[in-house]
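First comes the structure, then the notes that go with it.
Bear in mind these aren't lab numbers, they're just calculated from the coordinates by the rules spelled out. Keep in mind that what you see is a predicted model, and the values were worked out from it rather than measured. Every residue, glycine among them, receives a Cβ derived from its backbone with ideal geometry; neighbour counts consider all protein chains shown.
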Amino acid sequence: SARPLAGRVAVVTGASSGIGEATAEHLAGLGARVAVLARRAERLDDLVARIGKSGGEALAVAVDVTDGAAVRAAAGRVAAEFGATDLLFNNAGVMLPGPIEELATDDWQRQIDLNITGLMHVIGAFTPQLIEAAGERGVADLVNTSSIAAQNIFPHFAVYSATKAYVTHLSRHLRVELGPKHVRVSALEPGIVGTELQNHVTDEGALAWLESAKETMELLTPEDVARTVGFIASLPARANLQQVTIMPTAQP
Ligand code: NDP
């Protein structure tokens, strides 16, 4: 059908820009009610208004996902407004490459705090809802945003890449653990997507590499990734895309 996700309750983290924002809009267009989570409340309010104008339904929940108690409160709010979440797009992340010998330990910690600890806070707060919803409706989805960096070596990306390898490996385990409860788990591994992610990069080497990538290839758009998430969640309940790598056609 044109609305394969009608009746479903989606949560998108990192929804105030880039991949998360595009995915929230796309899932709403496929019929899901969507709770959008990030820190920048104004951006979330604009997104909710836009989804509403297109005939969808969304809820803004401003939250810092590195704060476990705040994430649990957000999960309670989503359940109260929409019922149990059955599609969780666990997507907030930050990328701060740099040569390891510079010892930018604050940057290491920021990536670990968001890409690993924040991701776990979200899993902890919403897994009970996913299991409950899957029991009632026959299927639920946990889609974690990893990266091609989980597989390949990019110079100066050691800490970021390792956080994403964590996400991919964790997802494989959780798939086996939650599958019998009808919760599908996927690791989504995009190549370079044109978003705000690159705006936080200060390392000259990484910036030069990203600049040359932009000049020599057409990057993925956030919408390309959004459609992939929609596809994952629209498959029949028996089918689980475990790991999906989506690359710009010209990215090696
Ligand atoms: P953006 O920077 O556009 O989006 C990151 C999102 O995370 C924003 O909505 C931001 O919102 C949110 N966020 C950051 N910190 C927090 C926090 N503490 N609490 C809650 N939300 C937070 O980048 P992308 O869309 O590219 O990134 C999305 C995911 O995709 C990330 O996990 C990234 O690692 C991954 N990825 C991106 C690729 C790319 O090339 N762009 C390639 C492969 C993977 P706010 O600041 O309002 O909180």
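Quick rundown of the values:
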quantity: Derived scalar couplings ³J(HN,Hα) [region 54-67; Karplus, 6.51 cos²θ - 1.76 cosθ + 1.60; whole Hz; x for Gly, Pro]; calculated: 8, x, x, 10, 9, 9, 8, 10, 6, 7, 9, 6, 7, 9
quantity: Hits among aspartates and glutamates - C-alpha to C-alpha of K53 under 19 Å, sequence gap 8 or more where chains match; calculated: E21, E25, E42, D45, E223
quantity: Axial C-alpha extent at least 27 Å, average Kyte-Doolittle at least 0.0 - helices from the chain (DSSP); calculated: 158-178
quantity: Full-extension gain in nm, R72 to Q151, via 0.36 nm per residue minus C-alpha separation; calculated: 25.3 nm
quantity: Under 26 Å from K214, Cα to Cα: lysines that are on another chain or at least 8 residues apart; calculated: K164
quantity: Placed amide H near A58: partners under 5 Å, 5+ positions off or other chain; calculated: V34
quantity: Computed [θ] at 222 nm, helices only, for the chain once each DSSP H run of length n ≥ 4 contributes -39500 (n - 2.57); calculated: -14500 deg cm²/dmol
quantity: 5 angstrom amide H check on V185, placed H, neighbours 5+ away; calculated: L142
quantity: Likely footprinting exposure, K53, K181, K164, fewest C-beta neighbours within 10 Å first; calculated: K53, K181, K164
quantity: Point-to-point label distance, S234-D106, nm (Cα→Cβ direction, 7 Å offset); calculated: 4.5 nm
quantity: Stokes-Einstein diffusion coefficient of region 9-246, Kirkwood radius over Cα pairs, 25 °C, 0.890 mPa s, in µm²/s; calculated: 138 µm²/s
quantity: Amide H partners (placed H, <5 Å) of I246, local residues excluded; calculated: E189, G191
quantity: Residue order, fewest to most beta carbons within 10 Å, for R3, R238; calculated: R238, R3
quantity: Cα pair count fraction exceeding 14 Å, expressed as % - region 46-129; calculated: 69 percent
quantity: Approximate spin-label separation Q242-D46, in nm, with each point projected 7 Å along Cα-to-Cβ; calculated: 4.1 nm
